[in-house]
Amino acid sequence: MTVTADADGLVGLAGAVLLTETATVIGLERELSTALAPWRRPRAVHDPGKVVLDLGVMLAAGGDCPADVAALRAQQAVFGLVASDPTVSRLVDTLAAAGQPALTALRAARGKARAWAWKLAGAPVQRRPAGRQQPAGQDAGVQDAGVVVLDFDATIVISHSDKEQATRTWKKTYGHHPLGGWVDHGDGGTGEPMGWLLRPGRAGSNTAADHVVVFEQALGQLPAEWRGRDEHGRRPVLVRTDGAGATHRFAQHLHDAGVEYSLGFTLGVEYHDPLLAVPAEAWTPAYNADGEQRDGAWVAELTGPVDLTGWPDRARLIVRRERPHPGAQLRFTDADGHRFTAFLTNTAGGQLADLEVRHRRHARVEDRIRTGKDTGLRNLPYHDAAQNAVWLELVALAQDLLAHTQRLALTGAHRTAEPKTLRYQLFGTPGRLARTARRTLLRLSGTWPWAHHLATALARLAALPAP
């Protein structure tokens, strides 16, 4: 085989047009252009909204640093006029210098596009546990509407050079410790990031003030019908965290915001006596993730025997007891040969096993973090914290694009596939540009195994109404 680099009319990322078409259908490009108009310089050739969208498409398609936008720039007939590296750097500097107003503008554009995407694809609603009791005076229809689930967690981003706010972390590494929140779609997929807060590496895992900030960001990202309160002051939102989110201040903030919560709760040795005092008949079998009864695991409620002073009204403490797996070592907080875990919730009624399974599904947030690190989060490319805060918003934009594309255009395994699979099978589809009858055609490779999936997805997007 003889290899040359002189072919014309070829497109290396032909499948990435799926991302740009999704952005058009949900109005994201227009919203970004409008939101960032105050930072467009006079007589500027490049629209800041288009530059930001190109960076989001680049990250979604597999790039991990600003210079990777060159892959789009080389294919102008497909992706339009793409800014040069110096222009991209100047825009990031401009937005970083603007600070919070620029970040707010980016989030507002994403939120408006999300509202239209949810109108087209439906909101990612999850049903409340079966048997849930209605609070006094609440309409029965509220139960049927379900809730939007928000998962919060922090992660460590390693830094290999000296950057602003990069410090030693609690894992004995060096870098940053951002806190984020995602919508749980329930069926896998990339997930929609609803809030990010860049923090120093030494930031605490259970800092209540940081959780409040990210929660308010996430609430602002929800469409109006989901962040609004009903006549009883409640919102159809469930917030889940691990034990880091179980602080008095954050729980009270969620209670005052009118949302449901499910917060991991750490059981110390002071809870041994109440746990061992629970009668055997009070423990009911726990469920697996698929809803089947699990051998060697039980759940019970300890709201009465345990003093919950300081926690919000109507807070409930639910405990899971299980036999350790073979070879597992007990912790000093375990008792009677069993491992105990617990969580706090304000959900009224419901089967204890259903509530416990619902809480354990918070573990899916680890997949959201992992796919985020595969979409630009693994490396914060700038030195200044303000610039890296803008980069976090670009990562969120890229994850939004992937999530909306999956929900609006893809079916089958691709609807819940991770970014790596989408890039290999769809975005990397080879194509050729052809011009005929004053039209430009993008012809996909007929031998590519997933070309028909891509063509079908594009046709599905074309049939959707624009906002």
| Inside the range 71-97, can you point out the residues that are over 20 Å from residue 384 (Cβ atoms) and open to solvent by 40 Å² or more (accessible area, probe 1.4 Å)? | 71, 73, 74, 76, 77, 81, 84
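Among 196, 182, which is the only one that is within 14 Å of residue 241 (Cβ to Cβ) and hydrophobic (A, V, I, L, M, F, W, C)?
Result: 182 is the single residue among 196, 182 that is within 14 Å of residue 241 (Cβ to Cβ) and hydrophobic (A, V, I, L, M, F, W, C).
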| remark: Those residues of the range 199-240 that are closer than 27 Å to residue 385 by Cβ, at pLDDT below 95 and of a type in the set (Val, Ile, Thr) come to a total of 1
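Mind checking which residues of the range 42-85 are part of a helix (DSSP H, G or I) and more than 23 Å from residue 378 (Cα to Cα)? Walk me through how you get there before you give the answer.
In the first step, residues of the range 42-85 are kept if they are part of a helix (DSSP H, G or I); the result is 48-60, 66-73, 76-79, 85.
Those that are part of a helix (DSSP H, G or I) and more than 23 Å from residue 378 (Cα to Cα): 48, 49, 50, 73, 76, 77, 78, 79.
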| Is there a residue in the range 395-405 that is in a helix (DSSP H, G or I), on the phi < 0 side of the Ramachandran plot, open to solvent by 30 Å² or more (accessible area, probe 1.4 Å) and not hydroxyl-bearing (Ser, Thr, Tyr)? | no
| said: Being of a type outside the set (Val, Ile, Thr), over 30 Å from residue 315 (Cβ atoms), assigned to a helix (DSSP H, G or I) and modelled with pLDDT under 95 narrows it down to one residue among 367, 374; which is it? | reply: 374
| Hey, among the residues in the range 27-41 that are in a loop (DSSP other than H, G, I, E, B) and open to solvent by 100 Å² or more (accessible area, probe 1.4 Å), which one's farthest from residue 393 (Cα to Cα)? | 41
| Per-region count, the range 168-183, residues part of a loop (DSSP other than H, G, I, E, B) and either of a type in the set (Lys, Arg) or surrounded by fewer than 21 Cβ atoms within 10 Å (Cβ to Cβ) (or both) | 5
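For the range 43-57, name all the residues that are free of Cβ contacts under 8 Å to residues at least 24 places away in the same chain and at negative phi. Outline the logic, then answer.
Taking the range 43-57 and keeping what is free of Cβ contacts under 8 Å to residues at least 24 places away in the same chain, we get 43-44, 47.
Those that are free of Cβ contacts under 8 Å to residues at least 24 places away in the same chain and at negative phi: 44, 47.
Restricted to the range 412-451, and to residues that are of a type in the set (S, T, N, Q) and open to solvent by less than 50 Å² (accessible area, probe 1.4 Å), which residue is nearest to residue 366 (Cα to Cα)?
Restricting attention to the range 412-451, the residues satisfying the condition of being of a type in the set (S, T, N, Q) are 416, 421, 425, 429, 436, 440, 445, 447.
With open to solvent by less than 50 Å² (accessible area, probe 1.4 Å) added as a condition, the list becomes 425, 429, 445.
On the way: 425: 24, 429: 29, 445: 36 Å.
So the residue we want is 425.
Within the range 326-349, is there a residue that is of a type in the set (Gly, Ala, Ser) and in a helix (DSSP H, G or I)?
Within the range 326-349, the first condition is being of a type in the set (Gly, Ala, Ser), and the residues that meet it are 327-328, 335, 337, 342, 348-349.
Next, only the ones that are in a helix (DSSP H, G or I) stay: none.
The answer is no, given that none of the residues of the range 326-349 is of a type in the set (Gly, Ala, Ser) and in a helix (DSSP H, G or I).
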| Given the residues 303, 247, 284, which is the only one that is open to solvent by 10 Å² or more (accessible area, probe 1.4 Å) and under 30 Å from residue 174 (Cα atoms)? | 247
| field | Out of 234, 240, sole residue that is open to solvent by less than 40 Å² (accessible area, probe 1.4 Å), within 16 Å of residue 125 (Cβ to Cβ) and of a type in the set (Lys, Arg) | value | 240
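In the list 168, 132, 107, 128, which residue meets the criterion of being at pLDDT 95 or above and either under 23 Å from the mean Cα position of the chain (by Cα) or not hydrophobic (A, V, I, L, M, F, W, C) (or both)? Don't jump to the end; show me each part of the working.
Details: 168 fails: at pLDDT 95 or above; 132 fails: at pLDDT 95 or above; 128 fails: at pLDDT 95 or above.
Only one candidate qualifies: 107.
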| task | Note down all Cβ pairs under 6 Å where the first residue falls in the range 254-280 and is hydroxyl-bearing (Ser, Thr, Tyr), the second is at pLDDT 90 or above and not in a loop (DSSP other than H, G, I, E, B), and they're at least six residues apart or on different chains. | result | 261/239; 261/254; 262/240; 262/343; 262/345; 262/359; 266/243
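The values are calculated or read from the model by the stated rules, or taken from the named source; none is laboratory data. Computed from a predicted structure; not experimentally measured. Every residue, glycine as well, gets a Cβ built from its backbone with ideal geometry; the counts of neighbours run over all protein chains shown. With ligands, DNA and RNA removed, areas are computed over all heavy atoms of the protein, side chains included. Shrake-Rupley method; radii C 1.70, N 1.55, O 1.52, S 1.80 Å.
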